[in-house]
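The values are calculated or read from the model by the stated rules, or taken from the named source; none is laboratory data. Quick caveat, the model's predicted, so the values are computed rather than measured. Here the Cβ positions follow ideal geometry from the backbone for every residue, glycine too, while neighbour counts run over all protein chains shown. When the accessible area is computed, the model is the full protein with side chains, heavy atoms only, and any ligands, DNA or RNA have been set aside. Shrake-Rupley method; radii C 1.70, N 1.55, O 1.52, S 1.80 Å.
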Amino acid sequence: MSDKDTKRYLPEGKYIMMGNVAMAEGALAAGLNFFGGYPITPSTEVIEHLAKRLPEVGGTCLQMEDELASINAVMGASLAGAKAMTATSGPGLSLMVETISMAANLEIPFVFCDVQRVGPGSHGPVTAPHHNDIGLVRFAGHGEFQVIALAPMNCQELFDLTITAFNFAETYRCPVFILSDAYLGHIHEPVYVPSKEEVIKRVIMRELPQDYSKIYSYKDNDTGAYVIPKPPIIGTDYYPPTALQLPHTTQGLPTSNILSFMEILIEKVKSNIDKISLTEEYRLEDADIVIIAYGLPVRASYRAVDEARDMGIKVGVFRLITVWPFPDEKVREVVENCKAIIIPELNYTGFIAEQVERVKKPETPMTKIPKVGVFHHPDDILNVIKEVSK
Amino acid sequence: MSDLGPRYPTEKPVQPYIQYSYGGYLYGKYNSLFCAGCGYGIIGHLFTRMFEDEKLDPKLYPLIIGVGCYTQIVTLAHYKAQKITTLHGRAPAVATGVKMANPNLKPIVFTGDGDCLGIGGNHFIHICRRNVDCTILIFNNSIYGMTGGQSAPTTLYGAKSTTTPYKVFEERSDAVKLALAAGATYIARTTVAHPRTFLKYFKKALNHKGTSVIEVITPCLTYFGSKNLDNLGAENLGLPGNKMDTGGKMIEWIKRNTIRKNQAKFMDDNELLNRYVIGEFRYDTSKPEYSEVYAKIQKVAMGDD
Ligand SMILES: Cc1ncc(C[n+]2csc(CCOP(=O)(O)OP(=O)(O)O)c2C)c(N)n1
Ligand code: SF4
């Protein structure tokens, strides 16, 4: 075992970690070799931590000249075989979307940490949370494609879900977002880091495939399944004979059948929604009232549910860990027979409320609890629970 | 034909490198999307020629291509070369990522005047500053060809374009001066009318460790040539100027309008207005290369030092 491998994995144990650091350590555990970034509050600790840690394990951490350069360098590094990531916040994300769509369409995988802050613009309470990018990441860029977005709710999950995010990126070859926020990024919490062997078991490594004949995702005409080969690596034999360009057939040859190209990019992810969609149910068994939440508001929701249950109100939480793609069927089942839905979101629009609206029965009442810049107190949610249970 | 005697071939000569170009390899014939008279065909073939003659290992020299008419050089470039077409202006940033993820590679970047000095100016400055080992070829046709003849940051003063119908009233930007100031370590300028010089510089760049920038002046007949007269660059002579409506006339104009570096030394700014100074401007092998410096940092971080 070489020295750099020992340094990559923290010794097993419990650590007190800042959210951004937990995310960075999760990425290292997942095999990160390249990070390109540009400082922006509240994500800066990610690049600061990796600037120290990545060279220790033989990786590269670059502070690029801007977000456009960061994301393009990340794309180039991923193309050259590195597991690559960047981290930013809303204004940086806005600059990056052109490249995100390019990478999605070329099926170049990478992980993207978005530590969300109050938007719009570049001023104001930038160290306060605002889940405003969740709408932007859903269709992050021109063209059509499907992304995966994960919403952790504590530092432990920032570590664990970052590993999951890298695995999703390798498997589905699409952009994978981790939707953190200014609070999550900056709080310090206990994080359990499993042993090196445990971590390695969890991680899907970047390797060359056995079969070099198919380079891009395609639809198997016999089974109707979408097959996703390993990502190509420039500088090896596993690279398309033409330029990597758009739109392309499975061998990378130019095609005019853009419709089926778009279909593949979207369905290769959506057809695997069972594996991608991570959710959590909390005291939902006999609940009349269902709270649907993701990210930070989940914490307040759990507490509010405990208190409401003590009062005899039958309420539970359905938590989305994977926010995009939205699991229509699962949510439809959950809200099928409930009497009321409550959706606490850290934004005014209610991006998830819009989705729930689509799948719920029209007569089921739905209450949104919007907040921006400050997080939900359990009482904010409890009051609404009491209100709707009357 | 036969009157001229046997010294002259009766058939069109076969371009010996066509079979190595991507289009030629696939279809067995010359295959390009450029306008007749465009300089990019020359560049594409010179590239393929270098690739074939030097037996460059395609797995070591990835081709990173920006957005512009020259993107279509993919059909003329060597069929074995591994190519990626990137976004408008971002090729230098992608090259940095590729190089740092696998320092054995030496990216070759194709970029245009608008691509490199306009939208991607920042990335260009910073790749030069870092001295990342790569070869950047900037194709300067003095116009945005792809989008239909708008003015570029390099469009000559007083020239016409679709977005400057009266005349260009801005100073043009100079890729060589920019690269010199930014810190690239091999910098040269040549034109498609000097193919041997181009090959010489290109070879030197491929053997140089560090950022090499070669600006290649190339004609855009369709948009620049058709809108402008060949007295550009000769304003001081007060000539009426002729139309540049064929590739040949544009090549003539480029030849006339370029001036060697050692001659330019004796000329003032006024005389050099709208002219292209060609030659080698810097060849510095002393500056450390970026990925090598970073490897040292890695060593320190790993505690091997
Ligand atoms: C972000 C973005 N903006 C604009 C364009 C449109 N566009 C494509 S090529 C081009 C100009 C390219 O000019 P240049 O680099 O000089 O190359 P040329 O076509 O002259 O060879 C522009 C503006 C684009 N593709 N992407
Ligand atoms: S528009 Fe100009 S640059 Fe583009 S192919 Fe035609 S001549 Fe060449």
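Of note:
- With Cα atoms, 0 to 90° folded angle of helix B:121-130 axis to chain B main axis: 50 degrees
- Its DSSP H runs of at least 4 residues, each contributing -39,500 (n - 2.57), put the calculated 222 nm mean residue ellipticity of the protein assembly as shown at -10500 deg cm²/dmol, to the nearest 500.
- Among the chymotrypsin sites (Phe, Trp or Tyr not before Pro) in segment B:200-305, those placed in a DSSP loop whose Cβ has at most 11 other Cβ atoms within 10 Å are B:F266.
- Partner chain coverage, peptide B:101-110 - average Cβ within 10 angstrom: 4
- Computed from the Cβ-Cβ distance with R0 of 45 Å, the FRET efficiency linking A:E189 to B:L229 stands at 0.05.
- Cut-off 15 Å, label 7 Å out along Cα→Cβ of A:F139, residues of segment A:290-329 by amide N: A:326
- Between 0 and 90°, nearest 10: helix B:247-257 axis offset from chain B longest Cα axis: 70 degrees
- Compared with the alpha-carbon gap, the fully stretched path from A:R283 to A:I204 is longer by 25.1 nm at 0.36 nm per residue.
- The residues neighbouring B:I187, those whose beta-carbon lies less than 14 Å from its own, together hold a net charge of +3 under the Lys/Arg +1, Asp/Glu -1 convention.
- Under the combined filter of DSSP loop state and at most 13 neighbouring Cβ atoms within 10 Å, segment A:321-390 retains these chymotrypsin sites (Phe, Trp or Tyr not before Pro): A:Y348.
- Look at the Cα gyration tensor of segment A:283-387: its axes a ≥ b ≥ c give a/c of at least 1.5 with a/b at or below b/c, and that counts as oblate.
- Measure of compaction for the protein assembly as shown (Cα Rg per 2.2 N^0.38 Å): 1.09
- Extension gain, A:T223 back to A:L95 (0.36 nm per residue minus Cα-Cα distance, nm): 42.1 nm
- Packing, taken as the mean count of other beta carbons within 10 Å per residue, orders the peptides B:57-69, A:218-230 from highest to lowest as B:57-69, A:218-230.
- Judged by the gyration tensor of its Cα atoms, with axes a ≥ b ≥ c, chain B is oblate; a/c meets the 1.5 cut and b/c is at least as large as a/b.
- Area accessible to solvent at B:R256, 1.4 Å probe radius, in Å²: 130 Å²
- Computed label-point distance, nm, for sites B:E292 and A:M262 using a 7 Å Cα→Cβ extension: 5.0 nm
- Surface analysis of chain A yields an accessible area of 37 Å² per residue, using protein heavy atoms and a 1.4 Å probe.
- Of all lysines in the structure, those lying under 17 Å Cα to Cα from A:K14, and not within fewer than 8 positions of it along the same chain, are A:K196.
- Pairs exceeding a 32 Å alpha-carbon distance, out of B:K200/B:K299; B:K203/B:K261; A:K275/A:K390; A:K230/B:K106; A:K214/B:K287: B:K200/B:K299; A:K275/A:K390; A:K214/B:K287.
- Surface share of carbon and sulfur [accessible, 1.4 angstrom probe, percent] for the protein assembly as shown: 53 percent
- Extension gain, A:T127 back to A:K339 (0.36 nm per residue minus Cα-Cα distance, nm): 72.6 nm
- Sequence-distant residues sharing a close amide H with B:K83 (under 5 Å, placed H): A:L244, B:L63
- Taking all protein chains as they are arranged and a probe of 1.4 Å, the heavy atoms of A:R332 leave approximately 90 Å² accessible to solvent.
- Rounded tilt (10° steps) of B:91-101 against the dominant C-alpha axis of chain B: 30 degrees
- Formal net charge of residues neighbouring B:R282 (Cβ-Cβ distance under 13 Å; K, R +1; D, E -1): +2
- Rough spin-label spacing in nm, given labels placed 7 Å along Cα→Cβ, for A:D237 and B:Q15: 3.1 nm
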